[in-house]
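Novice: Here it is, the structure, as structure tokens.
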Amino acid sequence: MGLFKTALIGAAVYGIVKYVTKKDTNGRSIVDDIKEKAPEWMEKAKNLKDELKVELEKQRH
């Protein structure tokens, strides 16, 4: 049973990787889009963290 479960998980991971790296008609993949948008998401996360710090400081005093 363990071998079957491992093979099933391996096949699922392979399918996901194949899907995520597959190029569309424009020659771009989901991974390419994520790489392009990651810096923007990091900046938003940093701004949110700073805003939360300010709010927590206001609530403490």
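The values are calculated or read from the model by the stated rules, or taken from the named source; none is laboratory data. Small disclaimer: the values here were computed from a predicted structure and weren't measured. All Cβ positions, glycine included, derive from the backbone under ideal geometry; neighbour counts span all protein chains shown. Protein only, heavy atoms only, side chains kept; ligands, DNA and RNA dropped before computing areas. Shrake-Rupley method; radii C 1.70, N 1.55, O 1.52, S 1.80 Å.
Novice: For the chain, report the accessible area per residue in Å² (1.4 Å probe, heavy atoms, rounded to an integer).
Specialist: On the way: 5880 Å² over 61 residues.
For the chain, the per-residue accessible area is 96 Å².
Novice: How many nm is it between the label spots at LYS18 and TRP41, if each spot is 7 Å from the Cα in line with the beta carbon?
Specialist: 2.5
Novice: Carbon and sulfur atoms: what percent of the 1.4 Å accessible area of the chain do they account for? Please list the in-between numbers first.
Specialist: Working: 3800 of 5880 Å².
Result for the chain: 65 percent of the exposed heavy-atom area is carbon or sulfur.
Novice: Report, ordered by chain and residue number, the lysines lying within cross-link reach of LYS46, taken as a straight Cα distance under 23 Å and ignoring same-chain residues fewer than 8 apart.
Specialist: LYS35, LYS37, LYS58
Novice: Note down the net charge around LYS46, summing +1 for each Lys or Arg and -1 for each Asp or Glu among other residues with Cβ under 13 Å from its Cβ. Before the final figure, lay out the partial values.
Specialist: Working: positive: LYS44, LYS49, LYS53; negative: GLU40, GLU43, ASP50, GLU51.
Around LYS46, the charge tally is -1.
Novice: Which label belongs to the value computed from this structure, given these candidates for Cα extents along the principal axes in Å: [x] 58, 40, 10; [y] 47, 18, 15; [z] 54, 23, 14?
Specialist: Read-out taken from this structure: [x].
Novice: Between ARG28 and ILE9, what is 0.36 nm times their sequence separation minus the Cα-Cα distance? Round to one decimal in nm. Provide the component values of the computation, followed by the final result.
Specialist: Numbers: separation 19, 0.36 × 19 = 6.84 nm, distance 2.66 nm.
Gain on stretching ARG28 to ILE9: 4.2 nm.
Novice: What net charge do the residues around ASP32 carry, taking every other residue with its C-beta under 14 Å from that of ASP32, with Lys and Arg at +1 and Asp and Glu at -1? Before the final figure, lay out each step's value.
Specialist: Working: positive: LYS22, LYS23, ARG28, LYS35, LYS37; negative: ASP24, ASP33, GLU36.
Neighbourhood net charge equals +2.
Novice: Work out from phi, with θ = phi - 60° and the Karplus expression 6.51 cos²θ - 1.76 cosθ + 1.60, the ³J(HN,Hα) of each residue of the range 43-48, listed in order in whole Hz, and give x for Gly and Pro.
Specialist: These are the phi-based 3J(HN,Hα) values: 5, 4, 5, 5, 5, 5 Hz.
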